[in-house]
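K.L.:
To start, I am sharing the structure in question, which I have written as structure tokens.
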Amino acid sequence: MKPALKKAALAAGPLKPPAPPLGKAPPVSIACRDLSLRFPVYGVDAKSLKKRLAAVTVGGRLGSHAGVTDVTALSHVTFELNAGDRLGLIGHNGSGKTTLLRALSGAYEPDDGEVEVQGRIAALLDLSLGIDPSASGFDNIRLRGRIAGLSTREIEKRLEEIAAFTGLGPFLAMPVKTYSAGMQARLAFAAATAVEADVLLMDEWIAVGDAEFQQLAHTRLLNLVERAGILVLASHDHDLLRLYCNKVMRLEGGVASPVTDIRKLDELLAA
Amino acid sequence: MDTATHMLRTGRRGALFEFNMAFQDLRNSVGRLGLAWSLAWHDVVSRYRGSILGPFWITLSMGLMVVGIGVVYSTLFGITLGKFLPLVALGIVFFGTISGIITEGCDTFVSAASMLSQTSLPMFTFVWRTVLRNLIYLAHHMLIVVAVLVFYGYWRDTNLAGALIGLVFLVANAAWISMLVAIASARFRDIPQVVTSVMQFTIFVTPVFWPAGRLQGAKHVVLDFNPFFHMLEAVRAPLMGVPIAPHTYSLLAMMAVVGWSLVFGVFALIRRRIVHYL
């Protein structure tokens with residue numbers, strides 16, 4: 001995160017607690033019970049590497065059976081989150097943060113234990129999801145919206161707002177491959193964040209575009225987070241986590257620490 | 001991303017539970033058939049963006065093939081063009097659909113890797129996407145079918161209801177093969193090559209370019225045990241106003257039931273692994 005942006009974010013003050021649920025809105029919650037996830041890696045014989053890798057702090061644990069190498073990405077992770085919880089995930093590369101996010105999004109099936117999520121999930125893990133470079137900006141917004149579960153009518157209703165937010169104007173009618181990287185990022189960001197979600201999953205805080213757009217994007221993301229009941233944010237930036245999260249969990253080799261208050265982050269890091 | 005408001009994912013809890021989850025995947029995909037349609041439509045549009053004729057390019061090349069093969073082979077076989085050309089035209093169009101659904105099945109999950117690894121979209125959605133995409137192409141090729149049937153006067157005898165029933169049988173069977181191939185291709189990357197070769201081989205042993213009657217004694221192994229022949233015949237015969245062998249329907253129905261049971265079983269048992277293959 002850029003220092004200027006951080007200052008702006010700090011000036012905006014800490015996140016407000018989410019609005020109380022309206023009327024009969026179902027409760028929002030995440031529950032992981034004894035969640036274990038192993039990746040089978042096919043066609044790789046890691047036996048010879050196993051001993052050397054065992055001493056390394058990066059990555060999950062390797063094991064093998066029946067010729068298939070197993071990477072234990074998560075083991076016996078148990079935690080519970082309720083509306084208003086903003087959980088920061090910390091840990092080395094390969095400690096299982098992204099895997100946990102993907103398990104929460106429903107893409108990865110647990111090998112043991114269970115994941116239960118109440119509420120609409122939005123996973124902002126990969127902004128380029130569903131982006132087709134040869135299609136126009138408008139078509140990409142529509143497609144992305146469809147993947148996110150919006151109906152054609154809902155998308156048409158929001159199209160103007162999304163288009164305005166990208167600030168790309170007439171370029172939206174042109175193929176995305178003619179965009180600069182920054183323009184593509186604007187489009188992807190605007191389309192990906194045009195969702196209503198109760199549970200927001202993020203792999204690193206998203207910062208895209210030039211300074212001006214970053215401000216806009218930041219505000220939009222904050223709004224999205226405020227509307228969502230639960231945020232799970234994986235990041236290496238501890239200041240950022242202090243700013244946006246009220247809880248923190250550390251993953252190490254797929255093993256999770258208990259969920260602790262963000263104010264105890266230093267103790268958690270020292271542990 | 002998902003609009004579902006409740007999601008529960010658990011570890012293996014026995015075969016019955018796995019079948020239940022697979023069934024849930026199927027049910028969710030049917031509820032979101034609109035998404036499969038949007039994806040399929042997008043595929044068609046994006047493949048032919050910037051071309052004037054669009055998918056009609058395949059129609060055009062099929063049309064050329066029909067005329068070429070029709071003229072040459074009708075002379076070789078000594079059959080009048082009026083009898084032979086419609087047979088070849090319908091053969092090429094509908095075999096094209098069968099072969100398209102199956103060969104493009106290889107790509108069903110592989111091309112959806114990024115979506116499958118970060119959303120909880122049902123996996124069946126991508127199978128329907130492949131099937132629907134090929135049905136969109138077929139709709140374009142109907143131009144050839146209609147032209148030939150009208151030009152040679154077959155339209156008077158066309159049994160449209162029979163052809164539609166045949167199409168349902170055709171799709172029902174091609175779809176399960178497509179899904180089987182999709183799962184296999186995700187795990188073993190040699191499968192697409194195998195499938196392409198098999199489909200190439202099949203087009204020559206199936207009466208696409210030649211009339212079935214030319215094979216000595218119509219009860220030939222190549223015909224009776226060739227599922228593609230029955231799939232093709234279920235649509236082609238009614239369109240040409242030819243009576244269909246009654247065992248074609250029972251065979252196709254049996255094949256669909258057995259095939260879908262097999263594929264669904266395989267899917268149920270390895271569903272949670274597919275995303276890791278990709």
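K.L.:
How many residues does the stretch A:85-115 hold that are part of a loop (DSSP other than H, G, I, E, B), more than 7 Å from chain B (Cβ to nearest Cβ) and either in contact with a helix residue (DSSP H, G or I) (Cβ under 6 Å, 6 or more places away or on another chain) or modelled with pLDDT of 85 or more (or both)?
P.N.:
Step one: list which residues in the stretch A:85-115 are part of a loop (DSSP other than H, G, I, E, B), which gives A:85, A:91-96, A:106-111.
Of the ones still in play, those that are also more than 7 Å from chain B (Cβ to nearest Cβ) are A:85, A:91-96.
Among the residues that remain, those that are also either in contact with a helix residue (DSSP H, G or I) (Cβ under 6 Å, 6 or more places away or on another chain) or modelled with pLDDT of 85 or more (or both) are: A:85, A:91-93, A:95-96.
Residues meeting the conditions: 6.
K.L.:
Kindly evaluate residue A:208 against the criterion of being outside any helix (DSSP H, G or I), away from chain B (no Cβ under 14 Å), in contact with a helix residue (DSSP H, G or I) (Cβ under 8 Å, 6 or more places away or on another chain) and at negative phi.
P.N.:
On the way: outside any helix (DSSP H, G or I): yes; away from chain B (no Cβ under 14 Å): yes; in contact with a helix residue (DSSP H, G or I) (Cβ under 8 Å, 6 or more places away or on another chain): yes; at negative phi: yes.
Yes: the conditions hold for residue A:208.
K.L.:
Looking at residue A:191, is it surrounded by 18 or more Cβ atoms within 10 Å (Cβ to Cβ), free of Cβ contacts under 8 Å to residues at least 40 places away in the same chain, in a helix (DSSP H, G or I) and within 22 Å of the chain's Cα centre (by Cα)? If you could, list the steps in order and put the result at the bottom.
P.N.:
Working: surrounded by 18 or more Cβ atoms within 10 Å (Cβ to Cβ): yes; free of Cβ contacts under 8 Å to residues at least 40 places away in the same chain: no; in a helix (DSSP H, G or I): yes; within 22 Å of the chain's Cα centre (by Cα): yes.
It is false that residue A:191 is surrounded by 18 or more Cβ atoms within 10 Å (Cβ to Cβ), free of Cβ contacts under 8 Å to residues at least 40 places away in the same chain, in a helix (DSSP H, G or I) and within 22 Å of the chain's Cα centre (by Cα).
K.L.:
For the stretch A:116-157, which positions are of a type in the set (A, V, I, L, M) and more than 7 Å from chain B (Cβ to nearest Cβ)? Full working, then the answer.
P.N.:
Restricting attention to the stretch A:116-157, the residues satisfying the condition of being of a type in the set (A, V, I, L, M) are A:117, A:121-125, A:127, A:129, A:131, A:135, A:141, A:143, A:147-148, A:150, A:155.
Correct list: A:124, A:127, A:131, A:141, A:150, A:155.
K.L.:
Which condition from (1) within 23 Å of residue B:210 (Cβ to Cβ); (2) touching a residue at least 40 places away in the same chain (Cβ under 8 Å) is the one that residue B:71 breaks?
P.N.:
Only one criterion in (1) within 23 Å of residue B:210 (Cβ to Cβ); (2) touching a residue at least 40 places away in the same chain (Cβ under 8 Å) is unmet by residue B:71, namely (2).
K.L.:
Now for a different question. Given the options B:54, B:91, B:68, B:63, name the one that is at pLDDT below 85 and small (Gly, Ala, Ser).
P.N.:
Result of the check over B:54, B:91, B:68, B:63: B:54.
K.L.:
Check off (1) over 17 Å from residue B:85 (Cα atoms); (2) surrounded by fewer than 20 Cβ atoms within 10 Å (Cβ to Cβ) for residue B:170 and give me the number that stays unchecked.
P.N.:
Status for residue B:170: all satisfied but (2).
K.L.:
On to the next question. Can you find a residue in the stretch B:83-96 that is out of contact with any Pro (no Cβ under 9 Å at 6 or more places or on another chain), within 13 Å of another protein chain (Cβ to nearest Cβ) and small (Gly, Ala, Ser)?
P.N.:
Within the stretch B:83-96, none of the residues are out of contact with any Pro (no Cβ under 9 Å at 6 or more places or on another chain), within 13 Å of another protein chain (Cβ to nearest Cβ) and small (Gly, Ala, Ser).
K.L.:
Condition (residue is surrounded by fewer than 20 Cβ atoms within 10 Å (Cβ to Cβ), in a loop (DSSP other than H, G, I, E, B) and in contact (Cβ under 8 Å) with a residue 24 or more places away in the chain) applied to the stretch A:215-231: is it met by at least one residue?
P.N.:
Checked against the condition, which is being surrounded by fewer than 20 Cβ atoms within 10 Å (Cβ to Cβ), in a loop (DSSP other than H, G, I, E, B) and in contact (Cβ under 8 Å) with a residue 24 or more places away in the chain, the stretch A:215-231 yields no hits at all.
K.L.:
Now for a different question. From the list A:164, A:192, exactly one residue is within 12 Å of another protein chain (Cβ to nearest Cβ) and of a type outside the set (Ser, Thr, Tyr). Which is it?
P.N.:
Details: A:164 fails: within 12 Å of another protein chain (Cβ to nearest Cβ).
Within the list A:164, A:192, the selection yields A:192.
K.L.:
Moving on to the next point. Somewhere in the stretch B:12-26, is a residue away from chain A (no Cβ under 14 Å), within 25 Å of residue B:138 (Cα to Cα) and in contact (Cβ under 8 Å) with a residue 40 or more places away in the chain?
P.N.:
So the first thing to find is which residues in the stretch B:12-26 are away from chain A (no Cβ under 14 Å), and the list is B:15-16, B:19, B:23, B:26.
Now restrict to residues that are within 25 Å of residue B:138 (Cα to Cα): B:26.
Retained after the next criterion (residues that are in contact (Cβ under 8 Å) with a residue 40 or more places away in the chain): B:26.
Yes, that holds for at least one residue.
K.L.:
For the condition among the β-branched types (Val, Ile, Thr) and at pLDDT 90 or above, what is the one hit in B:98, B:79? If you could, list the steps in order and put the result at the bottom.
P.N.:
Working: B:79 fails: at pLDDT 90 or above.
Within the list B:98, B:79, the selection yields B:98.
K.L.:
Across the stretch B:1-45, what is the total count of residues that are closer than 27 Å to residue A:138 by Cα and modelled with pLDDT under 85?
P.N.:
So the answer is 4.
K.L.:
For the stretch B:132-154, indicate whether the set of residues that are more than 14 Å from every other protein chain (Cβ to nearest Cβ), modelled with pLDDT of 95 or more and closer than 26 Å to residue B:247 by Cβ is non-empty.
P.N.:
No.
The values are calculated or read from the model by the stated rules, or taken from the named source; none is laboratory data. Small disclaimer: the values here were computed from a predicted structure and weren't measured. Note that each Cβ is placed from the backbone with ideal geometry, even for glycine, and that neighbours are counted across all protein chains shown.
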